Structure formats: structure tokens, C-alpha cells
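What follows is calculated from the coordinates using simple rules that are stated; it is not laboratory data. As the structure is a computational prediction, the values presented were derived from the model and not from experiment. Ideal geometry is used to build each Cβ from the backbone, glycine not excepted, and the neighbour counts take in all protein chains shown.
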Amino acid sequence: MSFVNKIIILFLVVIVFSCTSYITPSVSTYEGGEYEVSDMNIKSAPQGYSSKKAKNLILLIGDGMGVAQITAGLYSNNKSLYLEEFPVVGLHQNHASDNLITDSAAGATAFACGVKTYNGAIGVDADTIPHKTILEECEENGMATGMVASSTIVHATPASFIAHVKKRKMYEEIAEAFLKTEIDFFVGGGKKYFDRRDDDINLIEQLQKKGYAMSTYFTKEFSDLTIDNSKKFGHLTSDADPVPFSQGRKYLLPAAKTAMEFLKTHEDKSDEKGFFLMIEGSQIDWGGHANNAEYIISEMLEFDNIIGEALKFAKEDGETLVVVTADHETGGFAVNNGSTLDSLKTSFTSTYHTAELIPVFAYGPGAYQFTGMYENTEIYNKMRLALGFE
């Protein structure tokens, strides 16, 4: 055999060996479990997921939170966010069924029900057919469930996890949905939609008859409330919309921390079944609509502190999947040339939402399936898969 032929054969062997090594799955580890990743399928990585089922699921939605909102929060906080601790990051495409620019109702319905729908729809598809939400599925599987929001609790995002109505502003109908589910813990504004309604029905009294401990102490610190773990719990924090964080709203962080522990140990449910909790940082969006950078940043940093508490819980628990995302970006927000670490120069292109792709962060069992780029409806499918739902 000639020297040239030997070189050719050696070259072919090296190629074959390299290809074989390339398609061999590697195994990586992170706190909370082990996941397998096929290098060959890195672009379609949602197919690779942890074999360990998540017992608990915490979904955090920063309404209106795009990449620029995260950037502004990072550089306004000594280049530090809890979001940096997530090992898995993806992107979702968030258009509605009838518009490239989604609203919060269609965006949250995609997360909650796994269907594309029209702007303004709550828990229904484009033909107004109701679809079961992941919160309702968790209840059917014996899990404890909860929601916490810095908006009214009947606003578009929380509403999409518990109600099924044609229009997002059907607030009184959405409030009625809280009597039709077995949600264990909820905190948010909007008291007037429960007790001063057009039909004169007092839903707060009806919830109490159903076994809820209902609290409406607006001026009382949330951490000062006495919460009976043997009962379901609801706290309405304001008559209508809660005020911004910069104007004194303080309940979101302690309510989120309390919700995690309450749902983990709630006496009505077996701890073996786990829990589902949705937490919304609602007013990042409102800062974008107002084209107010300081409003965005203060809400973003409060939301990041809540993310930190969820991560802490998940790391200690070892069985909790944490997913952080947004429904859409608001304001066409940008951090511009001339910015420094001490002073950001920002601008806006809109007072409404944009079509910007939205980041998804995941930690815990099943996290790796959230890598890649996918439709917002896939977040619903990935959450169900992580929880082991058929």
C-alpha cells in the first residue's frame, strides 16, 4: 500500500471517529437533577429533557419583559441579576392567532392552554372554545395551586389560568371563576370585582362559605397577616389596580415567598402531589406603556428578587422546576449609545407591545427542554411534560 493511500485511509478513520464522537450523547449535571443532551440535536433541544419528573412548578411571568428590560435591570443593579443563575435559556415566538403583536390575554392563554388565540381572549381558542388550563389540570391531578400578581387578580395574565371568557375586560365574570376552581392560594388587587358587582353578589362571602380565609386589609403589611394553613387563602390587596412598587406596593415579594411554603405544606393537599404556582410581575408592562424607564427598572428589580426566592426554594427542594418568561415586550424599549454603568440612556419606539422574541429561563427537573426557539404554546407542552402529565 502506498504512502498516499495510507494517509487517505488514516484521514477517513479520523473522520469516522470524529463523527461517532459528535453524535454520542453527553451527560451534564446541575443542582436539582441530571439531564441528557444530544449534541447532534442542540438546535432541537426541546426534545431532550430530564428523566426526573418535576414535583412542583413555579412559573414566573414578567409582563412586558423583553431583553432590553432585563438589560436595564442588570446594569442598574451593579451588573447582577438572579436571572444569571439559570443554566437554560431559550426564546419563544409570541404572536397571536390574529395579529403579529400579541396582547397579554392571548400570550398568557398560550402558556396556560397551549393554543394560539386572538388578542383579548381568556382561556379560549380562536373559535372561542374553552380549553382546560394547566392550573386546572394540576388541580385534577391532586396538586395544590396558586397565583400571585402585582395587577388585579382578574387581569389578563392571571385570568388566563383560571377563567374562560371571550373578552379580557369581563372582570366580573373572571372573578366568578375563582368559585369554579379549587385554587388554594391567590393574591392580587381587584376587590371591587368581588364585592361591588353589577349583580350585587358578594363573591368574598361566597368564597368564605366555600372554606376560604379571605383577607382585604389594604393597609396591613402582608407579612403581618395570620394565614391558616388548613384553609384555602385569598388576599385582595387593593380595590382596583395596585400601586407601583415605587409608590409603596410591598406585598408581592412576601406573598410570593409565603405562597411557595403554603402550597408545599397546605393541609388540604398531599405534599406528595406537589404544587403549581404562577407569579406575575405585572407592572413591568405598565412602565413600558408609560414609556417610563425608571418605572420599568424598579418593577424589573422587584421581579428579579422574587425570581431569586423561587431559585432558592428550588435549590433547597430539589424537585421544583422554575420557568421565567414574559408574554411580550412593551414599549420598544432600548438602552442606547452613551449609556454607562452609572447612567443609562434609554428610548422607546412605541407605547404598545412589540413583536420581539422573548427569552425563557429554566432551572430544575425538565429544564433542558426549554432551550432553543419555539412557539409560546410550547411552554404549556413543556410544562406538562416536565410534570409527567400524559
**Request:** Please enumerate the residues belonging to the stretch 161-186 that are outside any loop (DSSP other than H, G, I, E, B) and hydrophobic (A, V, I, L, M, F, W, C).
**Result:** Val165, Ile174, Ala175, Ala177, Phe178, Leu179, Phe185, Phe186
**Prompt:** Being closer than 21 Å to Ser238 by Cα and part of a loop (DSSP other than H, G, I, E, B), is that true of even one residue in the stretch 142-154?
**Reply:** yes
**Asked** So, in the stretch 84-96, of the ones that are out of contact with any helix residue (DSSP H, G or I) (no Cβ under 6 Å at 6 or more places or on another chain) and either without any contact (Cβ under 8 Å) to a residue 24 or more places away in the chain or closer than 15 Å to Ile358 by Cα (or both), which residue ends up surrounded by the fewest Cβ atoms within 10 Å (Cβ to Cβ)?
**Response** Glu84
**Request:** Just one of (1) assigned to a helix (DSSP H, G or I); (2) surrounded by fewer than 24 Cβ atoms within 10 Å (Cβ to Cβ) trips up Pro158, so point out which.
**Result:** (2)
**Message:** Within the stretch 204-212, does at least one residue satisfy the condition of being surrounded by 22 or more Cβ atoms within 10 Å (Cβ to Cβ), outside any helix (DSSP H, G or I), in contact (Cβ under 8 Å) with a residue 24 or more places away in the chain and not hydroxyl-bearing (Ser, Thr, Tyr)?
**Reply:** no
